[in-house]
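Novice: The structure under discussion is supplied below as structure tokens; questions concerning it will follow.
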Amino acid sequence: MAIIPIGIDVGDAGDAWPIQQGNECERLDTFFREAKGLDDEARRKIFATAAEILIQCPNPLGSSKQQTGLVLGKVQSGKTSQFIALSSLALDNGYRIVILLGGRTNGLLGQNNNRIWEYLDLFHRSDKVCPFVNPTTSDAREISAVLRAGNVVVITVLKHAGHIGDLGTLFESPEIRRYPTLIIDDEGDQASLNTKAKQGKRSSTYNAILRLRSVFPIHAYIATTATPQANLLIKTWDNLSPEFCVLVEPGRGYCGGSTFFGVERDRFIRPIDDREDPEAKGTPVGLRMALLVFLVGGAIRSLRGDRKHHAMLVHTSGMRQSHTVVSKRISAIVDYWRGVLELPSDDPGTRDFIKLVQQALDDLRMTVGSCPSFTSVYAQLRTEVEQLKVWMVNSLPQGLNPTTEPIRLKNNIMIGGNMLDRGVTIDGLAVTYVTRTSKVKQADTVEQRARWFGYKMGYLDVCRLYMTKDTVETFSLLQLHEDDFWAALRRNAMQGVPLKEWPRLLRLGLNIKPTRSNVASTRTFAGTGWTIETLVETERHVCRANLAVIESFRSSHKWSDMRIGTVHHQIVRKCNSQEVIDELLLKLVRSNASNWDSLYIVEYLQRLVLAGKLPTLNVVLMNGGNERKRTPIAGNRINPMQGSNRKPSDPDYYPGDEHFHGGEVQLQIHIVRLGQPDILTSALALYVPETDRYDIGRLVVPSD
């Protein structure tokens, strides 16, 4: 049975090419079904998404072409399965080389490498699909021989300038560079982008990637990430700026931000005191309860027959010395509890511990439906503590790495910092204890710490997050931020707007930056208040076209006279906002010289419309559509607004163009005659009241 439709087409795209399922996809489909237990719908979705990505890549049988794409998923939602499915589909359809930039650390590279070998079954058929890890020029002859024999090459390489540079040198040979190539950049927002753009230079890893891409005449570069802020905010003319984006919707059973920070967040989040210090003397209240809830949750899982790994993440600092202190403290607590559990339950030495276990069980009963009895849970705790290992995950000599070390025991407590951030999957993670904060919060960096996201529906009832109120608020704001740009990207795709033209208007909480400023600079966009166009169009053909758009809009609506003192305007009250956007704002041409942020203004208004906050607005044709004369200064800069005249007590008093909006959203259309040279043009002014109704949060856009 076909996994995906044969000859997939996307709309009426002129570059669409036939995509077919072959042996690679069938093999992977079998693995997904038998080894991973994915049902028909889940597998169909994975391969259909892979086809949606691949069809936007160059036809491997066509002429020279390069394409840059972005694959966007959720944190811990299965992006690895998705890019391996893409690799299989690419190999089935004529791509001969797949290169995976597999991570910045050997641990992440190893994790990706192991999954590729397992998913593609490379242990048993390396003669057909030949794997290489960090190859150099010494491997050129072997790679060439593999390709000449009609087989394919799968390469995993550390995301490091030296290793990528070696790969570029290797493929400079004309006889192997000609093969169609798929380059997948895992965590493509990290390290790959140019950190020296502001200096007019290229950072080393970025430069190595560009050099590698320049080698292959037919190739696609696909960046995958869950935090695409940097990829979307870099200059659209940058070599790694994506030309298309495919959203990878999570499968059933995924628990993400909406689960933990949505309407039911009180079921899973346990705020801890901002002053709690796991390194201080004594045992912090929050940490002690987090550890007990973890152990009791493990006991509950065991008692209901779930013997899978059960894990806890402790993230208190990025400093390795801190990890050492916290690891010793937690190990001491667990060792003490082991001793207590050896005592008879009626021994006086167990009294305080029993009370704590009861508190932990009471907490879990809030979410666990058929909860075992206290007696059975307490008895099971002896086994849970026995099957427990404390890991210190960092680069110290005594540190361990769960991506390379085998996990032998059921219960595992992972203590660390950056090594437990991006890309690391902690199997069975149920309880997270986080006290790490930073003065400057970057959305992409902080969001990557959410290792507790993932496919946890089977044991969600024993999951808990222990974190400070500030951290809870930060992740709640990040969830709004993510929902906002996902919705905008979905709408963009439905409307068929090229990604390069997508208005990069991101909603962020106060004191949260979208990404690193050395990669992408941003500025705050103020949607409310007055936005006045002061730099007007002077190209005569553009001016004529815009005036024609205004006249067409004018003739298709019913206008009323508005007289204020001696000044005469025309107005359409409560004009349909979507009509204003579609028939006027989207049709008016604005050059790069204009200070009217057309794309962002339209996107802001569109979001208000979709949220039901702006069904209508008032449109005013200033001076009744008659021209006003203005003398430009500093290039084409003018002030289209007329000020007040006379005194308020005078019957002919006019308060000025900025002061008759009446507290309602108002769009003003100004017809302006410029002197020297003599040009008839137009200018716009928009007023949005600074009220909660129109406040959709702090908005940031790329800086000029």
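The values are calculated or read from the model by the stated rules, or taken from the named source; none is laboratory data. Everything numeric in this text was worked out from a predicted model, so none of it was measured. Positions of Cβ are generated from backbone atoms using ideal geometry, with glycine treated the same way; all protein chains shown enter the neighbour counts. Keep in mind that these areas ignore ligands, DNA and RNA; they rest on the heavy atoms of the full protein, side chains included. Shrake-Rupley method; radii C 1.70, N 1.55, O 1.52, S 1.80 Å.
Novice: Here's a check for you: in region 250-268, which residue that is assigned to a helix (DSSP H, G or I) and among the basic types (Lys, Arg) is surrounded by the most Cβ atoms within 10 Å (Cβ to Cβ)? Steps first, answer last, please.
Specialist: Residues of region 250-268 that are assigned to a helix (DSSP H, G or I), as a first pass: 257-260, 265-267.
Now drop any that are not among the basic types (Lys, Arg), which leaves 265, 267.
Values: Arg265: 17, Arg267: 14.
Ranking the qualifying residues of region 250-268, first place goes to Arg265.
Rundown of residues vs (1) touching a residue at least 24 places away in the same chain (Cβ under 8 Å); (2) over 19 Å from Ala611 (Cα atoms); (3) assigned to a loop (DSSP other than H, G, I, E, B), yes/no style:
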{"residue": "Leu465", "(1), (2), (3)": "yes, yes, no"}
{"residue": "Leu477", "(1), (2), (3)": "yes, no, no"}
{"residue": "Asp483", "(1), (2), (3)": "yes, no, no"}
{"residue": "Arg516", "(1), (2), (3)": "yes, yes, yes"}
{"residue": "Val519", "(1), (2), (3)": "yes, yes, yes"}
{"residue": "Glu537", "(1), (2), (3)": "yes, yes, yes"}
{"residue": "His541", "(1), (2), (3)": "no, yes, no"}
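Novice: Another question, if that's okay. Taking interchain pairs and intrachain pairs at least six residues apart, which have beta carbon atoms under 9 angstrom, with the first residue in region 221-247 and under 21 Å from Phe475 (Cα atoms) and open to solvent by less than 10 Å² (accessible area, probe 1.4 Å) and the second among the acidic types (Asp, Glu) and part of a strand (DSSP E or B)?
Specialist: Thr225/Asp185; Thr225/Asp186
Novice: So which residues in region 521-531 are open to solvent by less than 40 Å² (accessible area, probe 1.4 Å), in a strand (DSSP E or B) and not hydroxyl-bearing (Ser, Thr, Tyr), if there are any at all?
Specialist: Selection gives Phe525, Gly529.
Novice: Please name all residue pairs, on different chains or six or more residues apart, with Cβ atoms under 7 Å, provided the first residue is in region 592-619 and is without any contact (Cβ under 8 Å) to a residue 60 or more places away in the chain and of a type in the set (Ser, Thr, Tyr) and the second residue is open to solvent by less than 60 Å² (accessible area, probe 1.4 Å) and assigned to a loop (DSSP other than H, G, I, E, B).
Specialist: Ser598/Arg590
Novice: Which residues, counting only those in region 411-434, are β-branched (Val, Ile, Thr), touching a Phe, Trp or Tyr at 6+ places or on another chain (Cβ under 8 Å) and at pLDDT below 95? Show your work before the answer.
Specialist: Residues of region 411-434 that are β-branched (Val, Ile, Thr), as a first pass: 413, 415, 424-426, 431-432, 434.
Subset that is touching a Phe, Trp or Tyr at 6+ places or on another chain (Cβ under 8 Å): 413, 415, 431-432, 434.
The answer is Ile415, Val434.
Novice: I'm told Leu89 meets every condition in (1) in contact with a helix residue (DSSP H, G or I) (Cβ under 7 Å, 6 or more places away or on another chain); (2) closer than 21 Å to Asp166 by Cβ except one. Can you identify the failing condition by its number?
Specialist: (2)
Novice: Quick one: which residue in Arg43, Arg27, Arg33 is under 27 Å from the mean Cα position of the chain (by Cα), open to solvent by 10 Å² or more (accessible area, probe 1.4 Å), over 22 Å from Trp486 (Cα atoms) and of a type outside the set (Val, Ile, Thr)? Steps first, please.
Specialist: Values: Arg27 fails: under 27 Å from the mean Cα position of the chain (by Cα); Arg33 fails: under 27 Å from the mean Cα position of the chain (by Cα).
Testing whether each residue is under 27 Å from the mean Cα position of the chain (by Cα), open to solvent by 10 Å² or more (accessible area, probe 1.4 Å), over 22 Å from Trp486 (Cα atoms) and of a type outside the set (Val, Ile, Thr) leaves just Arg43.
Novice: Suppose we filter region 537-554 for residues that are open to solvent by less than 90 Å² (accessible area, probe 1.4 Å) and either closer than 20 Å to Asn639 by Cβ or at pLDDT 95 or above (or both); how many remain?
Specialist: So the first thing to find is which residues in region 537-554 are open to solvent by less than 90 Å² (accessible area, probe 1.4 Å), and the list is 537-538, 542-543, 545-550, 552-554.
Those still in the list that are either closer than 20 Å to Asn639 by Cβ or at pLDDT 95 or above (or both) too: 537-538, 543, 545-550, 552-554.
Count: 12.
Novice: Pairs, please: C-beta under 8 Å, at least 6 apart or cross-chain, first residue farther than 15 Å from Leu101 by Cα and of a type in the set (Val, Ile, Thr) and in region 131-151, second open to solvent by 40 Å² or more (accessible area, probe 1.4 Å) and part of a helix (DSSP H, G or I)?
Specialist: Thr137/Asp166; Thr137/Thr169
Novice: Quickly run through region 663-682 and pick out the residues that are in contact (Cβ under 8 Å) with a residue 24 or more places away in the chain and out of contact with any Asp or Glu (no Cβ under 9 Å at 6 or more places or on another chain). Steps first, answer last, please.
Specialist: Residues of region 663-682 that are in contact (Cβ under 8 Å) with a residue 24 or more places away in the chain, as a first pass: 663-677, 679-682.
Result: Gly663, Glu664, Val665, Gln666, Leu667, Ile669, Leu674, Gly675, Gln676, Pro677.
Novice: What do you reckon, is Leu400 more than 18 Å from Leu287 (Cβ to Cβ), aliphatic (A, V, I, L, M), modelled with pLDDT under 95 and surrounded by fewer than 16 Cβ atoms within 10 Å (Cβ to Cβ)? If you could, list the steps in order and put the result at the bottom.
Specialist: Details: more than 18 Å from Leu287 (Cβ to Cβ): yes; aliphatic (A, V, I, L, M): yes; modelled with pLDDT under 95: yes; surrounded by fewer than 16 Cβ atoms within 10 Å (Cβ to Cβ): no.
Judged against the criteria, Leu400 is not a match.
Novice: May I ask you to verify whether Ile176 is within 18 Å of Ala223 (Cα to Cα) and either surrounded by 17 or more Cβ atoms within 10 Å (Cβ to Cβ) or touching a residue at least 40 places away in the same chain (Cβ under 8 Å) (or both)?
Specialist: no
Novice: Moving on. When you go through (1) of a type in the set (Asp, Glu); (2) at pLDDT below 95; (3) open to solvent by less than 10 Å² (accessible area, probe 1.4 Å) one by one for Asp121, which number turns out not to apply?
Specialist: Asp121 satisfies all of (1) of a type in the set (Asp, Glu); (2) at pLDDT below 95; (3) open to solvent by less than 10 Å² (accessible area, probe 1.4 Å) except (3).
Novice: Just to verify a result, which residue in region 563-582, among those that are open to solvent by less than 30 Å² (accessible area, probe 1.4 Å) and modelled with pLDDT of 95 or more, is nearest to Glu603 (Cα to Cα)? Outline the logic, then answer.
Specialist: Initially, region 563-582 is screened for residues open to solvent by less than 30 Å² (accessible area, probe 1.4 Å), giving 567, 569, 571-572, 575, 577, 580-581.
So of that shortlist, the ones also modelled with pLDDT of 95 or more come out as 569, 571-572, 575, 577, 580-581.
Details: His569: 28, Ile571: 24, Val572: 22, Cys575: 18, Ser577: 12, Val580: 13, Ile581: 9 Å.
Once the filter is applied, the top-ranked residue is Ile581.
Novice: State whether the residues of region 434-445 include one that is surrounded by 21 or more Cβ atoms within 10 Å (Cβ to Cβ), among the acidic types (Asp, Glu) and touching a residue at least 40 places away in the same chain (Cβ under 8 Å). Please lay out each step first, then the result.
Specialist: To start, the set of residues in region 434-445 that are surrounded by 21 or more Cβ atoms within 10 Å (Cβ to Cβ) comprises 434-435, 443-444.
Okay, now just the ones that are also among the acidic types (Asp, Glu), so 444.
Next, only the ones that are touching a residue at least 40 places away in the same chain (Cβ under 8 Å) stay: 444.
Yes, the conditions are met somewhere in region 434-445.
Novice: Okay, next question. Would you please name the residue that is most open to solvent (accessible area, probe 1.4 Å), looking only at residues in region 465-484 that are over 17 Å from Phe453 (Cβ atoms) and in contact with a strand residue (DSSP E or B) (Cβ under 8 Å, 6 or more places away or on another chain)?
Specialist: First, the residues of region 465-484 that are over 17 Å from Phe453 (Cβ atoms): 468-470, 473, 484.
Cutting the leftovers down to in contact with a strand residue (DSSP E or B) (Cβ under 8 Å, 6 or more places away or on another chain) gives us 468-469, 484.
On the way: Thr468: 7, Lys469: 146, Asp484: 26 Å².
Looking at residues that are over 17 Å from Phe453 (Cβ atoms) and in contact with a strand residue (DSSP E or B) (Cβ under 8 Å, 6 or more places away or on another chain), I get Lys469.
Novice: Next up: Go through the residues of region 272-283 one by one and say whether even a single one is more than 20 Å from Asp484 (Cβ to Cβ), part of a loop (DSSP other than H, G, I, E, B), open to solvent by less than 60 Å² (accessible area, probe 1.4 Å) and in contact with a Gly (Cβ under 6 Å, 6 or more places away or on another chain).
Specialist: Yes, some residue in region 272-283 is more than 20 Å from Asp484 (Cβ to Cβ), part of a loop (DSSP other than H, G, I, E, B), open to solvent by less than 60 Å² (accessible area, probe 1.4 Å) and in contact with a Gly (Cβ under 6 Å, 6 or more places away or on another chain).
Novice: Okay, next question. If you check Arg115 against the conditions, is it more than 21 Å from the chain's Cα centre (by Cα), surrounded by fewer than 23 Cβ atoms within 10 Å (Cβ to Cβ) and modelled with pLDDT of 90 or more? First the steps, then the outcome.
Specialist: Details: more than 21 Å from the chain's Cα centre (by Cα): yes; surrounded by fewer than 23 Cβ atoms within 10 Å (Cβ to Cβ): yes; modelled with pLDDT of 90 or more: yes.
So Arg115 fits the description; yes.
Novice: Within region 196-213, can you find the residues that are surrounded by fewer than 17 Cβ atoms within 10 Å (Cβ to Cβ) and either touching a strand residue (DSSP E or B) at 6+ places or on another chain (Cβ under 8 Å) or outside any helix (DSSP H, G or I) (or both)?
Specialist: Within region 196-213, Lys196, Gly200, Lys201 qualify.
Novice: Among Leu167, Leu193, which is of a type outside the set (S, T, N, Q), over 23 Å from the mean Cα position of the chain (by Cα) and buried (at least 23 other Cβ atoms within 10 Å of the Cβ)? Give the steps one after another, and end with the answer.
Specialist: On the way: Leu193 fails: over 23 Å from the mean Cα position of the chain (by Cα).
So the residue among Leu167, Leu193 that is of a type outside the set (S, T, N, Q), over 23 Å from the mean Cα position of the chain (by Cα) and buried (at least 23 other Cβ atoms within 10 Å of the Cβ) is Leu167.
Novice: Can you tell me which of Ala197, Ala230 is more than 17 Å from His163 (Cβ to Cβ) and modelled with pLDDT of 95 or more? Steps first, please.
Specialist: Working: Ala197 fails: modelled with pLDDT of 95 or more.
Only one candidate passes the filter, namely Ala230.
Novice: Test of understanding: among Gly458, Gly454, which residue is among the small types (Gly, Ala, Ser), open to solvent by 10 Å² or more (accessible area, probe 1.4 Å) and closer than 28 Å to Gly298 by Cβ?
Specialist: Values: Gly454 fails: open to solvent by 10 Å² or more (accessible area, probe 1.4 Å).
Within the list Gly458, Gly454, the selection yields Gly458.
Novice: Another question, if that's okay. Do we find a residue being farther than 20 Å from Pro278 by Cβ and either open to solvent by less than 40 Å² (accessible area, probe 1.4 Å) or touching a helix residue (DSSP H, G or I) at 6+ places or on another chain (Cβ under 8 Å) (or both) anywhere in region 310-330? Break it down into steps so the answer makes sense when it comes.
Specialist: Taking region 310-330 first, the residues farther than 20 Å from Pro278 by Cβ are 310.
Filter once more, so that each one left must be either open to solvent by less than 40 Å² (accessible area, probe 1.4 Å) or touching a helix residue (DSSP H, G or I) at 6+ places or on another chain (Cβ under 8 Å) (or both): 310.
Looking for residues that are farther than 20 Å from Pro278 by Cβ and either open to solvent by less than 40 Å² (accessible area, probe 1.4 Å) or touching a helix residue (DSSP H, G or I) at 6+ places or on another chain (Cβ under 8 Å) (or both), one finds at least one in region 310-330, hence yes.
Novice: Please pick out the residue among Gly188, Gly168 that is in a loop (DSSP other than H, G, I, E, B) and touching a residue at least 24 places away in the same chain (Cβ under 8 Å).
Specialist: Numbers: Gly168 fails: in a loop (DSSP other than H, G, I, E, B).
None of the others qualify; the one that does is Gly188.
Novice: Condition (residue is closer than 16 Å to Leu465 by Cα and either buried (at least 17 other Cβ atoms within 10 Å of the Cβ) or at pLDDT below 90 (or both)) applied to region 365-383: is it met by at least one residue?
Specialist: Start the filter on region 365-383 by keeping residues that are closer than 16 Å to Leu465 by Cα, which leaves 365-368.
After this cut, where a residue has to be either buried (at least 17 other Cβ atoms within 10 Å of the Cβ) or at pLDDT below 90 (or both) as well, the list is 368.
Yes.
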